[in-house]
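A short worksheet on the structure shown next.
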Amino acid sequence: MRAAWYSRNGGPEVLQIVERDLRAPGPGEVRVRVVLSGVNPSDTRARRHTPVGVTGRIPHQDGAGFVDAVGAGVAGICTGDRVWLWEAAKRNEQGTAQEFVIVPAEHAVPLPTHVSMETGAALGVPVLTAHALLTRGSGSPTLRPGSLASSVVVVRGASGAVGHAALQLAAWAGARCIAITGSQTLDSALHAGAAQAVDRTDPDLVERVRAVGSADIVLTPDPSSTIGEDIQLLTPGGSLVVYASAGSDAVSVPIFEAMRANVAVHFAYVYTVTRAAKAQAVEDLSLALQAGALSVGADHGLPVRPFPLEAIAAAHRAVDDDQRGKVVIQISDLDGRTSGLIAAHTAAT
Ligand SMILES: NC(=O)c1ccc[n+]([C@@H]2O[C@H](COP(=O)([O-])OP(=O)(O)OC[C@H]3O[C@@H](n4cnc5c(N)ncnc54)[C@H](OP(=O)(O)O)[C@@H]3O)[C@@H](O)[C@H]2O)c1
């Protein structure tokens, strides 16, 4: 079977396409024929910086496909089931950029038939992160329809995969969502479920957001630039949740302003969220998927950018260059619906 692989850290040029032996899943594992592999900034960061073991690494945590073989002791999942995958590469450096991936059975989650493979491949890191951010911000470990019903949630970085997922999940849970994004992506944020979208360079940003409501939760990927404004956006007792350090890694907090508003500042990192919290997130996301609340694609505010496996280096460059859209690698073509994905994207661009 074909796989993308690298044996040393570096730029996208370290990625090679190789042939690998197919092995059977062990006890508690399933083997999945990967249709789409999702690419995240943490995958390209790992390629650049995370030390590679002696056998090299097959990249990517996320993906979607069909269960192809089931190991001993696995219940509730069968050969042929459509699934989405999360943290596929965390355990053994064997990620989803290959035709067949073996994962612990709980990392392959049923994907309802009405949910596209593109959405399935876009769920893992971004949507589990969005769940972690919203639960941290709300102080409740679960999200359900109505659980954020009286809340205003402000999402910065709304056109990114994490921001997009946060808008969709918060809207599903009943929040009034306000997106802060670039001028080119205001409409996309509305498609994703924001009630209002505000240009991040608008000099009247604070007034525009407050005209909709004071925020119970603000999510930011760039606190070193935005924390002063974010505290002004929060309602007394509200929560700021930091999910990246796009600018500087150090943050200067306007302490008196923060104290006066009694706000809390949280930090959340998806890879170190507890197992119990992740299991809860998977359960909540399954409900949201059943309800049709999570979708990618231009109509839903996050265009999909497909690449063939042979062009994985270009796909990594697209992520490294912060090009807009969810980058996925088409590994195989098993469900008919993804057959024209790359051709359709090429025709449209
Ligand atoms: N804490 C965690 O556990 C966790 C998990 C996953 C990711 N992250 C981090 O969160 C950040 C966002 O991740 P992501 O997966 O959402 O990445 P992404 O899809 O590549 O989006 C990244 C950012 O790109 C900006 N953007 C949109 N259009 C752009 C364009 N044309 N040119 C340049 N930038 C554009 C967006 O901000 P605007 O909407 O403001 O334009 C968005 O915040 C990354 O730093 C990632 O490492 C953290």
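Remarks
- Mean separation of Cα contacts under 8 Å, 6 or more apart, over the residue count of the range 125-271: relative contact order %: 23 percent
- Ligands, DNA and RNA left out, the accessible area of the range 125-271 computed with a 1.4 Å probe is 50% carbon and sulfur.
- Contact order for the range 224-332, expressed relative to its length and based on alpha carbon pairs under 8 Å spaced 6+ residues apart, stands at 20 percent.
- With a 1.4 Å probe rolled over the protein heavy atoms of all chains, the accessible area of Leu186, Leu287, Leu309 falls in the order Leu287, Leu186, Leu309, largest first.
- Amide H within-cut-off set for Ile180, under 5 Å, with H built and near neighbours excluded: Val155, Arg156, Gly157, Ala158, Val198
- Beta bridges assigned by DSSP with both partners in the range 125-271 are antiparallel in approximately 0 percent of cases.
- Each residue of the range 283-292 was assigned a 3J(HN,Hα) from its phi angle through the Karplus curve 6.51 cos²θ - 1.76 cosθ + 1.60 (θ = phi - 60°); the sequence is 4, 5, 5, 4, 5, 5, 5, 4, 7, x Hz, with glycine and proline shown as x.
- The residues of the range 125-271 have, on average, 41 Å² of accessible surface per residue, using a 1.4 Å probe with all protein chains present.
- Label-point separation in nm, Val206 to Val253, each point 7 Å along Cα→Cβ: 1.9 nm
- Of all DSSP beta bridges in the chain, antiparallel share, percent nearest 5: 55 percent
- Pairwise FRET efficiency - Ala293 versus Ile77, Cβ, R0 = 35 Å, nearest 0.05: 0.95
- Shape of the range 196-332, Cα gyration tensor, a/c cut at 1.5: prolate
- What the Cα atoms of the chain give is an Rg and a Dmax of 20.0, 61 Å.
- Site pair Thr50 and Ser286 shows an inter-label distance of 2.6 nm when each label is modelled 7 Å from Cα along Cα→Cβ.
- List Thr119, Thr142, ordered by accessible area with a 1.4 Å probe, largest first: Thr142, Thr119
- The chain: most fluctuating residue of Gly63, Gly247, Gly193 per GNM, C-alpha cutoff 10 Å: Gly247
- Fraction of alpha-carbon pairs over 24 Å apart in the range 125-271 - percent: 20 percent
The values are calculated or read from the model by the stated rules, or taken from the named source; none is laboratory data. Here the structure is a predicted model, which is why all the values come from computation and not from measurement. Cβ: placed from backbone, ideal geometry, glycine included. Neighbour counts: every protein chain shown. Ligands, DNA and RNA are excluded from the accessible area calculation, which covers all protein heavy atoms including side chains. Shrake-Rupley method; radii C 1.70, N 1.55, O 1.52, S 1.80 Å.
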